[in-house]
């Protein structure tokens, strides 16, 4: 359930930014995975692919940075670093 909540929040941010920028397609998504987010890169990709299927974010290239700092203030979160959109 934790992963679903993180992905819903992330996808809402991606869609909001893409809409604000007038994007028709999200080509790249860069994220930072907190050490306590309970997500590996492969696990994140699986959840992302499911959440993005059939949307403007489908098939975006993923740039995933993984933290090992359990004391980081965002250690339990998935942080959207940036997206690239095609207009």
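Please treat every number below as a calculation from the coordinates, not as lab data. Quick caveat: nothing in here was measured; it's all calculated off a predicted structure. As a convention, Cβ positions derive from the backbone with ideal geometry for all residues, glycine included, and neighbour counts pool all protein chains shown.
Numerical summary
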{"item": "Folded to 0 to 90 degrees: helix 2-20 orientation relative to the chain principal axis, Cα", "result": "30 degrees"}
{"item": "CD proxy at 222 nm, helix term only [per DSSP H run n ≥ 4: -39500 (n - 2.57); per residue of the chain; nearest 500]", "result": "-11500 deg cm²/dmol"}
{"item": "Between helix 41-52 and the chain: long-axis angle, C-alpha atoms, 0 to 90°, nearest 10", "result": "40 degrees"}
{"item": "By average C-beta atoms within 10 angstrom, highest first, the peptides 48-61, 24-37, 65-78", "result": "24-37, 48-61, 65-78"}
{"item": "Percent antiparallel among DSSP beta bridges (both partners in the stretch 2-86, rounded to 5)", "result": "55 percent"}
